[in-house]
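Novice: Take a look at this one; I'll ask things after.
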Amino acid sequence: MFQSRRLRVRYFRGNIGEVMRRIQECPPTCILVESELQADTALMLSVWLRATHPQIRIIMSLEADPACLLPSLRADVSGYLSLDYNETELQCCLESIGRGLRYFSPVLERILNLPGDDFCPLVARRLACLSGREKEVLRLMRRGLIAKEIAAQLRISEHTVNDYKKSIVQRLELGSRREILSFMEPYWRLIET
């Protein structure tokens, strides 16, 4: 079970019949419908939940593919996460839902061409915690520079650049350079100076 300030999220595993039975027995305030279910099954479960338990907030985890995403919009759930969401994004989603807002993963927003102006406060706080040097390293990473080139431009050692990168990874709770750049796409203007 995952707890946020306003939501109690339960994680159910099993076939759809088992999941439906357990929801009937002990309904959570929020449920994450993982995409490990087949897309049609996840959509069916979400529609059933909306009809039978309108008080439950539903989050769907989906492939970043319009063919999968567009039919899922008909389920009219509270949050849409991409398959590769992380704990930071899940917390951001739960925070938005807890405030009564619908959440779309930045990856899915780009596919749907949604405006990304409503920043997740959790991400904004984490970005605000980055030092000026970490922000510089992040901006140079965005331009495609590797550690050696960043070191030369900032006149610091390559080892120091790698330390900054590790710090960025820890603060944003992301893994690879590619994951950082993908996740950061809607948030660049928060660190631009």
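The values are calculated or read from the model by the stated rules, or taken from the named source; none is laboratory data. Small disclaimer: the values here were computed from a predicted structure and weren't measured. Please note: Cβ atoms are built from the backbone with ideal geometry, for glycine as well, and neighbour counts cover all protein chains shown. Please note that ligands, DNA and RNA were not included when accessible areas were found on the heavy atoms of the full protein model with its side chains. Shrake-Rupley method; radii C 1.70, N 1.55, O 1.52, S 1.80 Å.
Novice: Looking at (1) open to solvent by less than 60 Å² (accessible area, probe 1.4 Å); (2) assigned to a helix (DSSP H, G or I); (3) modelled with pLDDT of 85 or more; (4) not small (Gly, Ala, Ser), can you tell me which one residue 108 breaks?
Specialist: If we test residue 108 against (1) open to solvent by less than 60 Å² (accessible area, probe 1.4 Å); (2) assigned to a helix (DSSP H, G or I); (3) modelled with pLDDT of 85 or more; (4) not small (Gly, Ala, Ser), just (3) comes out false.
Novice: Could you count how many residues in segment 62-80 are in contact with a Leu (Cβ under 7 Å, 6 or more places away or on another chain) and among the aliphatic types (A, V, I, L, M)?
Specialist: 4
Novice: For the subset of segment 111-143 comprising residues that are within 30 Å of residue 76 (Cβ to Cβ) and small (Gly, Ala, Ser), which member is modelled with the lowest pLDDT?
Specialist: Among them, the one singled out is 116.
Novice: Moving on. Only residues that are part of a helix (DSSP H, G or I) and over 22 Å from the mean Cα position of the chain (by Cα): list them for segment 51-66, please. Before the answer, list the steps.
Specialist: Kept after step one, since they are part of a helix (DSSP H, G or I), are these residues of segment 51-66: 51-52, 66.
Within segment 51-66, 51, 52 meet the criteria.
Novice: Additional query: Which of the residues that make up segment 147-193 are crowded, with 18+ Cβ neighbours inside 10 Å, part of a loop (DSSP other than H, G, I, E, B) and of a type in the set (Lys, Arg)?
Specialist: Correct list: empty.
Novice: Now, a different point. Do you know which residues across segment 78-92 are open to solvent by 50 Å² or more (accessible area, probe 1.4 Å) and in a helix (DSSP H, G or I)?
Specialist: Those that are open to solvent by 50 Å² or more (accessible area, probe 1.4 Å) and in a helix (DSSP H, G or I): 87, 91.
Novice: So which residues in segment 93-105 are of a type in the set (Ser, Thr, Tyr) and either open to solvent by 40 Å² or more (accessible area, probe 1.4 Å) or at pLDDT below 80 (or both), if there are any at all?
Specialist: Those that are of a type in the set (Ser, Thr, Tyr) and either open to solvent by 40 Å² or more (accessible area, probe 1.4 Å) or at pLDDT below 80 (or both): none in segment 93-105.
Novice: For segment 39-77, how many residues are open to solvent by 30 Å² or more (accessible area, probe 1.4 Å) and touching a strand residue (DSSP E or B) at 6+ places or on another chain (Cβ under 6 Å)?
Specialist: So the answer is 2.
Novice: Let me ask something else. Which numbered condition in (1) of a type outside the set (A, V, I, L, M, F, W, C); (2) more than 20 Å from residue 86 (Cβ to Cβ); (3) assigned to a helix (DSSP H, G or I) is the only one that residue 144 fails?
Specialist: (3)
Novice: Separate question: Can you tell me which residues in segment 147-193 are of a type in the set (D, E, K, R), closer than 26 Å to residue 87 by Cα and touching a helix residue (DSSP H, G or I) at 6+ places or on another chain (Cβ under 8 Å)? Give the derivation first.
Specialist: At the first step, the residues of segment 147-193 found to be of a type in the set (D, E, K, R) are 148-149, 155, 158, 163, 165-166, 171, 173, 177-179, 185, 189, 192.
This time we only want the ones that are closer than 26 Å to residue 87 by Cα, so: 163, 165-166, 171, 173, 177-179, 185, 189, 192.
Within segment 147-193, 165, 171, 173, 177, 185, 192 qualify.
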